[in-house]
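Notes follow the structure.
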Amino acid sequence: MDIVLLLIAATVMVGIIWLAAFVWAVRNKQFSDPKGDSFRILGSDYDDSPKK
Amino acid sequence: MRSNLSESSATIAGAPRSGPIQNRIFLSLPGIHCGNCISAVESSLARFPGVLSARVNLTLRRVAVDADSTVSSRDLVEELSGVGIEALELDADTINASDLDEVGRALLLRVGVAGFAALNVMLFSIGIWSGAENATRELLHWVSALVALPALAYAAQPFLLAAFRALIVGRLSMDVPISVAIILAAGMSLYEVSAGGRHAYFDAALALTFFLLAGRFLDHRARASARSAALELAALEAPRARRIKMGKTEILQVGGIYPGDRILVLAGERIPVDGRVVEGSSEIDRSHLTGENMPATAGTDSVVSAGELNLTGALTIEAAAIGESTRLRKLARAVEIAETARNKYSSYANRAAAFYVPAVHILAVLAFAGWYWSEGDLRLALNVAIAVLIITCPCALGLAVPAVSTVAGGRLFSRNILLKSETALERLALIDTVVFDKTGTLTSGKFKFSDDGSVSRRDFAIAASLCAISQHPLSVSLVKAARDSGIEAARIADARESPGNGIEGRWRDQRVRFGRAEWVGASPNSGNCAFLKIGRESPIKFAYAESVRNDARNSINGFKARGIEVRILSGDLEEAVARVADQLGISNWAARVSPEQKMSEIFELAARGKRVLMVGDGLNDTGALASAHVSAAPASALDAARVASDIVVLGTNLEALNQGHGIARSARKRILENFGIAAAYNAIAIPLAMLGFATPLAAAIAMSASSLTVTFNSLRVR
């Protein structure tokens, strides 16, 4: 049954990685302009680095 | 060494925040709608000298510009109008103060955390439900607790804090029962787990939090882009003025103007302050303030208001009132007051909650008392009471309204109707009176020369050729009419515009004039017309008509067919309103109504028990729009009117409003059905829970089954 402990640890780890990515995305204002971003991804403007 | 390195990199990373950025400018871009607009705005601003960066936010339709101190927002507005994009200056201070973005992001984080924890705990729960025993069950319970408790402590904060605040002032809000359910479920589950019990409700507490937070976030997102009407009105005001002092003009903020100062307003500019004309003559477009379609003549001693547009000539104005005391601001305050009054509308969800909350708590207390009295086991009695609280969890009830409004919102969107307020749909379903504004709503707001054959081709040609030099709306439409009917231009010499009067020139050695009745020597005549005078001949009348929107008649007939009363409230002259009302078959109309009267008229209808849909587009309608039961504005409306109304009709088709009304009625029916479904489900689940048959698995199944039924029923909105 030790495998259960391992699985639980793995589940929680994956969850925490996902959560960290989500927190990073929200803090980085990735969700502040969903409408504009849906157009930007199709645009031909080339970004050297994302504009702030 | 390492620590030094990391310190210095931290300073560099932190530098741009407080460093060289001198100037943060916000511009509102009401016209942008697509990816091309984004790159057009950003590239043209990036080329502007002094601009460091520009970033468009399409959701909020605004651009944030970082620039050095040499750049003024006015330069950028001009730069953008050069590439054909309308931009409005926004007050950066007001925007920072009312920035809802932070609130939205905090909510989104909580939604994410609650969703993450709910999914994980649900996975562990599957193990428990499929029959984990003893040590395994306890382990899974403890892991669930480990994930759920911190997540709840973070994610449920908005409910807990709001409930706490409500209790301090001795009020009961919907947050109180939600908080009670979450705290009791978490606390009891923790106690059960530590005592090695069978039932823990961590998944239910998290699912409840997640659903309710998601609802709040969607609600917040929908309203974040619609800023308050008062804020927009302030933005329309011209923030700068040209003051004349000792023969020199200087440009300064309106706040620096004092009553008695002299201000110069050029043709094409908005008047910055209320005042009196002391020099010059021109025409003033006050259609947005009063609804009068015909530009008014302004000469010495005319009284002008802030927000009016100066059309043809330069005016010098003596300021009478500034900023807070202008008519525009007074109107803005009235709109604010009316809006708070309307927020008192209690939605179906709130009314259902007012009935449901006490009922559920009384049932839970009864279950606790009954079990404690008959079994004498405190822990068992508490368990049953909490099962009752959770199994009646307001999920189905909470979904009954949002599911329908999401579906109906989609259907309305495909018919070009945007809903801005969450309760607009419910309110639209209940209307029994429609009040239309005339200018810009029933009519296109443009003049059309009505060629009834009384004007000869020669006169037409002369008038049209004179008009070619003028930007006055009547002139522009006459030139267009001449082009459409193939009239050739006449040879006019020395044409020049006389601001406030008309245009004059020479034709075959005779003086010709086209303009106001008094100016050409015709008998003064009300209504929309202009006169042409050739030499000593008697003046020839050119009549103009407003063009009624094609779809207005169908829309009005559609409302009448449903038994809804239709009225017109217009600020325009009697004659103009009567003609339009007659064309559309509306017997109930009023003309020359001031913005304040429009508001009081709406309040009076409401006092008589009428539920009014107000449809309008101008600044003079904003008060009425904000105070009506529900309000709509065409997309061509002034920004302030659009912001003050609950519904925006895109495109030019007013018939969409009728279809929207049909959808709203259908949606209302589905909402009531959903409440029926939730009630029926509770009628079965509550007795079972009170008798002690409820398990966490039964609660989870019942919760999802009822939510699915409600969602599927909502899809039937047509």
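The values are calculated or read from the model by the stated rules, or taken from the named source; none is laboratory data. Because the structure is a prediction, the values reported are computed rather than measured. Note that each Cβ is placed from the backbone with ideal geometry, even for glycine, and that neighbours are counted across all protein chains shown.
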Odd one out for B:Gly563 among (1) part of a loop (DSSP other than H, G, I, E, B); (2) surrounded by 21 or more Cβ atoms within 10 Å (Cβ to Cβ); (3) out of contact with any helix residue (DSSP H, G or I) (no Cβ under 8 Å at 6 or more places or on another chain): (2)
Residue within region B:536-556 that is closer than 19 Å to B:His629 by Cβ and either buried (at least 18 other Cβ atoms within 10 Å of the Cβ) or hydrophobic (A, V, I, L, M, F, W, C) (or both) present: yes
Tabulated pairs, region B:180-202, first closer than 21 Å to B:Met703 by Cα, second modelled with pLDDT of 90 or more and assigned to a loop (DSSP other than H, G, I, E, B), C-beta under 7 angstrom, 6+ apart or interchain: B:Ile182/B:Ala156
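Residues are listed down the side, and each one gets a yes or a no for (1) in a loop (DSSP other than H, G, I, E, B); (2) of a type in the set (A, V, I, L, M); (3) at pLDDT below 85:
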{"position": "B:Leu80", "(1), (2), (3)": "no, yes, no"}
{"position": "B:Asp93", "(1), (2), (3)": "no, no, yes"}
{"position": "B:Val113", "(1), (2), (3)": "no, yes, no"}
{"position": "B:Leu119", "(1), (2), (3)": "no, yes, no"}
{"position": "B:Met122", "(1), (2), (3)": "no, yes, no"}
{"position": "B:Glu138", "(1), (2), (3)": "no, no, no"}
{"position": "B:Tyr154", "(1), (2), (3)": "no, no, no"}
{"position": "B:Phe159", "(1), (2), (3)": "no, no, no"}
{"position": "B:Arg165", "(1), (2), (3)": "no, no, no"}
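Only residues that are outside any helix (DSSP H, G or I) and at pLDDT below 75: list them for region B:190-238, please.
Within region B:190-238, the subset outside any helix (DSSP H, G or I) is B:195-201, B:225-228, B:237-238.
Hits for region B:190-238 are B:Ser225, B:Ala226, B:Arg227, B:Ser228, B:Glu237, B:Ala238.
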Subset of region B:30-75 [part of a loop (DSSP other than H, G, I, E, B) and away from chain A (no Cβ under 11 Å)]: B:Pro30, B:Gly31, B:Phe48, B:Pro49, B:Gly50, B:Asp68, B:Ser69, B:Thr70, B:Val71, B:Ser72
Residues of region A:6-40 satisfying the condition of being exposed (fewer than 12 other Cβ atoms within 10 Å of the Cβ) and facing another protein chain (nearest Cβ under 8 Å): A:Arg27, A:Pro34
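Which residues, counting only those in region B:557-580, are farther than 18 Å from B:Leu613 by Cβ and either touching a residue at least 24 places away in the same chain (Cβ under 8 Å) or under 27 Å from the mean Cα position of the chain (by Cα) (or both)?
Applying the first criterion (farther than 18 Å from B:Leu613 by Cβ) to region B:557-580 yields B:571-580.
B:Gly571, B:Asp572, B:Leu573, B:Glu575, B:Ala576, B:Val577, B:Arg579, B:Val580 - these are the residues of region B:557-580 that are farther than 18 Å from B:Leu613 by Cβ and either touching a residue at least 24 places away in the same chain (Cβ under 8 Å) or under 27 Å from the mean Cα position of the chain (by Cα) (or both).
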Conditions (1) among the aliphatic types (A, V, I, L, M); (2) within 10 Å of chain A (Cβ to nearest Cβ); (3) within 15 Å of B:Arg216 (Cβ to Cβ): number failed by B:Val147: (3)
